[in-house]
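Values quoted throughout were computed directly from the atomic coordinates according to the rules given, and no laboratory measurement underlies them. This is a predicted model, so every value here is computed, not measured. Cβ sites come from the backbone with ideal geometry, for glycine too, and all protein chains shown count toward neighbours.
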């Protein structure tokens, strides 16, 4: 996996889906991509079979594609901009 500061390292980038009402992990997806931007939509759908009514993610997932996908699926999406 290529990183911004350490070159290439042997590693994986986990994405988890959590049920916020119950606080339990409902799905996990691993990749060797260092960017979260391309992982959000696929990991949510792969783990739950559908897009949820509400979703949140950290700033690493911020992208126009993720915002458009959430809007198209009518998902209330809490996502901070990258600073």
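How large is the convex hull of the Cα atoms of the range 1-40 per residue, expressed in Å³ as a whole number?
Dividing the Cα hull volume of the range 1-40 by its residue count gives 78 Å³.
Run the paramagnetic zone check for residue 4: 7 angstrom along Cα to Cβ, then residues of the range 48-83 with backbone nitrogen under 17 Å.
Answer for the range 48-83: 58-64, 80-83.
Considering only DSSP beta bridges where both residues belong to the chain, give the percentage that are antiparallel (nearest 5).
75
Quick check: Cα centre of the range 1-36 to Cα centre of the range 60-83, how many Å?
That distance is 17 Å.
Return the inverse of the average 1/r over all pairs of distinct C-alpha atoms in the chain, which is the Kirkwood hydrodynamic radius, in Å to one decimal.
Result for the chain stands at 13.6 Å.
What ranking do 13-22, 68-77 get when scored by the average of other Cβ atoms within 10 Å per residue, highest first?
68-77, 13-22
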